[in-house]
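*Asks:* Below you will find the structure I want to go over with you.
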Amino acid sequence: MQPKRRAMICGSAAVAVTGFPLRALAQEVSINAVHFTPAQVSYAKSFLKYVDKVNQRGKGVIQIKVRGGPEIIPFTQLGEAQKNGLIDMIDHPAGPYLNLVPEGEVFSATTKKPWELRANGGFALINEIYAKKGNAHVLAHVDGGAGFHIFTTEEPARTADGGVDFSKLKIRSGALYRDFLESLGAGVVVQGPGEVYTSLERGLVNANAYTVLGYQGFGWHKFTKYRIDPSFFQTDVLISMNKARWDGLPEAAKRILQEVALEHERESVEVNLKATEDEGRQMIAGGMKVVELTGAARAAYLEKASRVSWERMQKRDPGSVAALRQKFGN
């Protein structure tokens, strides 16, 4: 048999046995992703660092193609979009997912670090719940460590016990902390970040609840000149994937995605805390004033923030709350 003919037969046999050419065995996998804030905001920048590291380490194995931010999938639709397979990976807070996975609130209710929760089994437990209810696999809890603040357009009225008269505030809120703000006696308007600028500009709200980090990226500091301390909750940004898509990835691709996620999880906490301090100083230098809760009012404020989260989880679906509290509780 001539060498050329022998090579053609062998090649055809390989296709027949495997069902596809041998070169396809090493084909690079591509997944798509969306981040929850505009690209200029710190949280998107943090996610893009994760993407860059994956794409560098995953050449020939796995690549993440970022489609964009809320202009691609609105903030409040991220959970459903991922559950239904419209997007493979999302960078998002637990808030947009609470209608699907109310237990996701544990990420903000806890003060424990993600790696502590991995060690005690808490992360595995919450991932089982995300898989069952949201068709999602959580890779990492990123940009953690810092909390949320209430920012006001005017100096808030104080109370005799060192607190603030929240009844005079109409606060733009995310779904995550709506119940807590309502428990303070405030008026609440739930909106995605993309709607807040207009609401502040038109006076539809006179306060806004968000993190220090990323605040200036939205331009909200033009309207809100006061920040109420201390912060409440913990930032709850997650990197997650559609569970079916995750399960279908080659093991080498999974390994790269998860290894980089664990690295970014730790690094991003340190970066988040430092950037929060830096951005907070910038806003104060620009004229923002800090209103500090003191004494009994401060203690009650923090106690209520923790209690309301667990009560809401208990009300929505009590099935896993006791087990979660054992792992995530402070």
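*Asks:* Conditions: (1) surrounded by fewer than 19 Cβ atoms within 10 Å (Cβ to Cβ); (2) touching a residue at least 60 places away in the same chain (Cβ under 8 Å). Asp165 meets all but one. Number of the miss?
*Replies:* Here Asp165 meets the rest and fails (2).
*Asks:* Under the condition of being hydrophobic (A, V, I, L, M, F, W, C) and surrounded by fewer than 23 Cβ atoms within 10 Å (Cβ to Cβ), which residue from segment 206-231 is nearest to Leu169 (Cα to Cα)?
*Replies:* Ile228
*Asks:* Of all residues in segment 169-217, which are in a helix (DSSP H, G or I), more than 17 Å from the chain's Cα centre (by Cα), within 29 Å of Arg316 (Cβ to Cβ) and not polar (S, T, N, Q)?
*Replies:* Asp179, Phe180, Leu181, Glu182, Glu195, Val196
*Asks:* Identify, please: which residue in segment 273-330 is outside any helix (DSSP H, G or I) and of a type in the set (S, T, N, Q) and is, among those, modelled with the highest pLDDT?
*Replies:* Taking the candidates together, the pick is Thr294.
*Asks:* State which residue is surrounded by the fewest Cβ atoms within 10 Å (Cβ to Cβ) when the search covers only segment 268-288 and only residues that are more than 30 Å from Val308 (Cβ to Cβ) and touching a residue at least 40 places away in the same chain (Cβ under 8 Å).
*Replies:* Gly287
*Asks:* Contact list please: Cβ distance under 6 Å, first residue in segment 81-101 and buried (at least 24 other Cβ atoms within 10 Å of the Cβ), second residue charged (D, E, K, R) and assigned to a loop (DSSP other than H, G, I, E, B), pairs at least six apart or on different chains.
*Replies:* Pro93/Asp236; Ala94/Asp236
*Asks:* Tell me which residues, restricted to segment 38-65, are at pLDDT 95 or above and either touching a helix residue (DSSP H, G or I) at 6+ places or on another chain (Cβ under 6 Å) or hydroxyl-bearing (Ser, Thr, Tyr) (or both).
*Replies:* Ser46, Tyr50, Lys53, Val54, Arg57, Gly58, Val61, Ile62, Gln63, Ile64
*Asks:* What about Phe151, is it more than 30 Å from Ile256 (Cβ to Cβ), touching a residue at least 40 places away in the same chain (Cβ under 8 Å) and crowded, with 16+ Cβ neighbours inside 10 Å?
*Replies:* Judged against the criteria, Phe151 is a match.
*Asks:* Any idea which of Ala261, Ala244 is of a type in the set (A, V, I, L, M, F, W, C), loosely packed, with under 15 Cβ neighbours inside 10 Å, at pLDDT 95 or above and in a helix (DSSP H, G or I)? Talk me through it step by step, then tell me what you get.
*Replies:* Values: Ala261 fails: loosely packed, with under 15 Cβ neighbours inside 10 Å.
Sole residue among the options that is of a type in the set (A, V, I, L, M, F, W, C), loosely packed, with under 15 Cβ neighbours inside 10 Å, at pLDDT 95 or above and in a helix (DSSP H, G or I): Ala244.
The values are calculated or read from the model by the stated rules, or taken from the named source; none is laboratory data. Quick caveat: nothing in here was measured; it's all calculated off a predicted structure. No Cβ is skipped: glycine too gets one built from the backbone with ideal geometry, and neighbour counts run over all protein chains shown.
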